[in-house]
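My structure is below; once you've seen it, I'll send some questions.
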């Protein structure tokens, strides 16, 4: 197995032989989202030159480096949680929300991330 370096702030070594080049690009971009901030699937896709938020979502679903490579910091364009670990309901979304809240992200009464927590 070969080790590779996922870049970004606070870069760490992970065995990237188990991911595709596209997944690696997604995971590298995730490392640039600071604690306490979120982005959307669409914005993350655009940041790596991809036109498919769904493709990014599928890469996040398969993230073998979570939570150190923080896929929980990506939410839907309407500021709702979207999905987590391949699920869109129940305990999985509770876990995602808990991770975000532990990082200081605040939600409104309808469960949407407040605008000030979005990475600009």
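The values are calculated or read from the model by the stated rules, or taken from the named source; none is laboratory data. This is a predicted model, so every value here is computed, not measured. Here Cβ is always computed from backbone atoms with ideal geometry, including for glycine, and neighbour counts include all displayed protein chains.
Filter the range 1-23 for residues that are in a strand (DSSP E or B), touching a helix residue (DSSP H, G or I) at 6+ places or on another chain (Cβ under 9 Å) and under 20 Å from residue 72 (Cβ atoms); which is modelled with the lowest pLDDT?
Looking only at the range 1-23, we keep the residues that are in a strand (DSSP E or B), and these are 4-6, 12-14.
With touching a helix residue (DSSP H, G or I) at 6+ places or on another chain (Cβ under 9 Å) added as a condition, the list becomes 4-6, 14.
Still in the running and under 20 Å from residue 72 (Cβ atoms): 6, 14.
Working: 6: 56, 14: 67.
Only one residue fits best here, namely 6.
Taking the conditions exactly as written (on the phi > 0 side of the Ramachandran plot and at pLDDT 95 or above), does residue 90 satisfy them or not? Working first, answer last.
Values: on the phi > 0 side of the Ramachandran plot: yes; at pLDDT 95 or above: no.
Against the criterion (on the phi > 0 side of the Ramachandran plot and at pLDDT 95 or above), residue 90 does not qualify.
Out of the residues in the range 108-120 that are outside any loop (DSSP other than H, G, I, E, B) and out of contact with any helix residue (DSSP H, G or I) (no Cβ under 9 Å at 6 or more places or on another chain), which is surrounded by the fewest Cβ atoms within 10 Å (Cβ to Cβ)? Steps first, please.
First, the residues of the range 108-120 that are outside any loop (DSSP other than H, G, I, E, B): 113, 115-118.
Filter again for out of contact with any helix residue (DSSP H, G or I) (no Cβ under 9 Å at 6 or more places or on another chain), leaving 115-116.
On the way: 115: 8, 116: 10.
Per the criteria, the residue is 115.
Another question, then. Any residue in the range 72-87 that is touching a residue at least 12 places away in the same chain (Cβ under 8 Å) and on the phi > 0 side of the Ramachandran plot sitting within a Cβ distance under 6 Å of a residue that is surrounded by fewer than 24 Cβ atoms within 10 Å (Cβ to Cβ) and part of a helix (DSSP H, G or I)? List the pairs, counting only those 6 or more apart or interchain.
Close Cβ pairs satisfying both conditions: 85/92; 86/61.
How about the range 97-107: which of its residues are farther than 14 Å from residue 39 by Cβ and either in contact with a helix residue (DSSP H, G or I) (Cβ under 6 Å, 6 or more places away or on another chain) or in contact (Cβ under 8 Å) with a residue 24 or more places away in the chain (or both)? Spell out the reasoning first.
First pass over the range 97-107, keeping only residues farther than 14 Å from residue 39 by Cβ: 97-99, 101-102, 104, 106-107.
Hits for the range 97-107 are 99, 104.
State the number of residues belonging to the range 55-87 that are loosely packed, with under 12 Cβ neighbours inside 10 Å, modelled with pLDDT of 95 or more and in contact with a helix residue (DSSP H, G or I) (Cβ under 8 Å, 6 or more places away or on another chain).
Summing the residues that are loosely packed, with under 12 Cβ neighbours inside 10 Å, modelled with pLDDT of 95 or more and in contact with a helix residue (DSSP H, G or I) (Cβ under 8 Å, 6 or more places away or on another chain) in the range 55-87 gives 1.
Further, regarding this structure: Anything in the range 24-61 that is assigned to a loop (DSSP other than H, G, I, E, B) and over 19 Å from residue 97 (Cα atoms)? List them, or say none.
Residues satisfying the conditions are 32, 48, 49, 50, 51, 52.
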